[in-house]
Amino acid sequence: MLVKEVMTMSPMRCKPADTIDTVAKLMLQHDCGVIPILDGERVLGVITDRDITCRVVAAGKTPVAIPVSDVMTHPVYTIHEDEPVEAVIDLMKTRQVRRVPVLDREGKLVGIVAPSDLAPLFASTDIADFLLSVSYWNHPAPAPAAAPDDSYWLG
């Protein structure tokens, strides 16, 4: 099976000068946690919901004043649409990334692959192992400091 058979097609995209507030609104409108940043046709990086939370909000910066290029994740690891699915799984595991932009052979963005795109391909125990291997840096997650209450929201 090829990457193009499992990828999410035509992902949202933004420009390096777009501001964090604009990108956050796009994420909300399109229910996505990552948006590739393009300079023309070239993928420069990605902006993730985690980038926004950790590099903007937690740092006390004003989202309307910050261009995505200041806080984007780069370098970005990409894959070609005609590569086997196993190649994107290996890339996710070795580079510890959960979302991979997909390019055609001309280098144009055509899709994105996330673990949720791959989940239907695996038995439940395999997908659990896969998600754990992508989500953690080979060490256990820290225990929560306190039990959460009902007032928080995870998106």
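Could you tell me whether segment 1-125 comes out rounded, prolate or oblate from its Cα gyration tensor? Rule is a ≥ b ≥ c as square roots of the eigenvalues, rounded for a/c under 1.5, then prolate if a/b exceeds b/c, otherwise oblate. Because a/c hits 1.5 or more and a/b exceeds b/c, segment 1-125 counts as prolate. Evaluated over segment 3-134, the count of Lys pairs having alpha-carbon atoms less than 17 Å apart is 4 (only pairs 8 or more residues apart or interchain). Extension gain, residue 96 to residue 83: 0.36 nm times the residue separation minus the Cα-Cα distance gives 2.8 nm.
Read the figures in this text as sums done on the coordinates, not as results from a lab. Note that the structure is predicted; figures quoted are calculated from it, not measured.
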